[in-house]
Amino acid sequence: MKILGIDTSCDDTSVAVVEDGKHILSNVISSQFDLHEKYGGIVPELASRKHVESINYIIDHALAESEVSFQDLEAIAVTNRPGLIGALLIGVSAAKSLAFCHNLPLIGINHVEGHVYANFMQHDELTFPHICLTVSGGHTLLLKVNKGWTYKILGSTIDDAAGEAYDKVAQYLGLGFPGGRIIDDMAKKGDEKAIDFPRPLINRDDYNFSFSGLKTSVRYFVEKAQAAGNLPPLENIAASFQAAVVDVLVKKTIRAAQEYQVKSINLTGGVAANSRLRHNLRKTADEHNMHVFHPSIKLCTDNAAMVAGIAYQKYQQGQRDKLDLNASANSDLGQ
Ligand code: KG4
Ligand code: ZN
């Protein structure tokens, strides 16, 4: 069964064709980095306008690459929540038009559920229940994922998402946007012990996260060091900041897996591309006889293959949406 998936939840226009929830026939992603870079972050209005320009070309491209025509498709899936509302509406409108014109079922997808699902497309061994750490530019969530795609939310960020903190810190350091990959690369050349940044909430026995204070600590540190004329190499700041973020994420994730007695950990979302997070989580998990799964980089960051993938599972569960499907900026998993 072939499903066409669309994701326009943030700054990437992505369309994919996926067969039976796993086989990716195409996964086209048109990034808007260049458009937003000079602003140091995503400008929602510009993102929406760019989606309007691109969406039909990206749909065409995804169909051509997969060598699939509308007659071969059995459903249209679209991220309709959560995300930037204007951006979401472009994808939802396109998906509704396609479903209507080609008389295909329409399936609205929660973007975060797409990230959670991404690992299943590449790892048959990932079993239920498991602990999932979803870390992206918009979300930092720790979940227990049960069979049948039901979720227990263990914790989330009380302020900035992990990826947001990466992007803002990169902005303070004048490194460009999006900052995650740039800091990750720089940190490899730096000393992670150079600066002792705080590890927010690391010893609290709940599963919530907070990255706003850490971000501000980096900012104050840089301002003070600049004023005193003794700014250390940016590589050291990047490495020390990254060490603080990763320590908190790893500690809470492993503790959740211990408390819920699960052996599998699903690491996903844009920040799951981070080399230190992957390495440290896997190393600590090994010490506890647990196993970490993460998707390839292309499936970590925003993409429509994960949307078409989870849509297959939802279709099997009977989900069909009507043509009045709307977009929503906020949404909890399970809603
Ligand atoms: O999942 P995603 O593509 O979009 C959202 O749903 O937010 O995640 C984008 C986020 C950005 O904040 C970006 O800086 C971060 O993922 N990111 C990384 C890395 N690659 C992307 N953060 C840390 N290390 C990376 N290697
Ligand atoms: Zn995302």
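Data for the structure
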{"item": "Tail fraction, Cα-Cα pairs, region 161-235, threshold 13 Å, whole percent", "result": "69 percent"}
{"item": "Anisotropy class of region 1-145 from Cα gyration tensor, a/c 1.5 cut", "result": "oblate"}
{"item": "Spherically averaged projected area of region 205-335 from its Cα convex hull (nm²)", "result": "11.7 nm²"}
{"item": "Listed pairs 22/147; 38/314; 189/283; 50/96; 152/283; 189/224 exceeding 29 Å between Cα atoms", "result": "38/314"}
{"item": "Cα gyration tensor shape of region 176-218, rounded if a/c is under 1.5, else prolate or oblate by comparing a/b with b/c", "result": "prolate"}
{"item": "Debye log10 I(q)/I(0) at q = 0.18, 0.20, 0.24, 0.29 Å⁻¹ for region 1-58, Cα point scatterers", "result": "-0.62, -0.71, -0.88, -1.11"}
{"item": "Convex hull volume per residue in cubic angstrom - Cα atoms of region 258-335", "result": "142 Å³"}
{"item": "Equivalent ellipsoid, region 127-294 (semi-axes from 5 times Cα gyration tensor eigenvalues, Å)", "result": "29, 15, 14"}
{"item": "DSSP-defined beta bridges in the chain - what % are antiparallel, rounded to 5", "result": "60 percent"}
{"item": "Over region 1-129, relative contact order from alpha-carbon pairs under 8 Å, at least 6 apart, %", "result": "28 percent"}
{"item": "Furthest towards positive pole of dipole, 166, 261, 238, structure part region 127-294, Cβ charges", "result": "261"}
{"item": "Shape call, region 99-172: gyration tensor on alpha carbons, a/c limit 1.5", "result": "oblate"}
{"item": "Axial C-alpha extent at least 15 Å, average Kyte-Doolittle at least 1.0 - helices from the chain (DSSP)", "result": "85-101"}
{"item": "Alpha carbon convex hull of the chain, volume per residue in cubic angstrom", "result": "120 Å³"}
{"item": "Inter-centroid distance (Cα atoms) of region 16-92 relative to region 103-143, Å", "result": "17 Å"}
{"item": "Relative contact order of region 127-294, defined on C-alpha pairs under 8 angstrom at six or more residues apart (%)", "result": "27 percent"}
{"item": "Total charge dipole magnitude, the chain, about the Cα centre, Cβ charges on Lys, Arg, Asp, Glu only, Debye to nearest 20", "result": "740 debye"}
{"item": "Nearest-20 debye value, region 127-294 charge dipole, Cβ charges on Lys, Arg, Asp, Glu", "result": "380 debye"}
{"item": "5 Å binning of all Cα-Cα separations within region 55-100, expressed as whole percents from 0 upward", "result": "5, 20, 28, 25, 15, 7, 1"}
{"item": "Computed over the chain: relative contact order in percent, which uses C-alpha pairs under 8 Å that are six or more apart", "result": "25 percent"}
{"item": "Gain upon complete extension [residue 124, residue 203; 0.36 nm per residue less C-alpha separation]", "result": "25.1 nm"}
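Taken together, the values in this text are just the output of simple stated rules run on the coordinates, not laboratory data. Every value quoted in this text rests on a predicted model; they were computed, and no experiment measured them. A quick note on method: Cβ atoms are made from the backbone with ideal geometry, for glycine too, and the neighbour counts reach across all protein chains shown.
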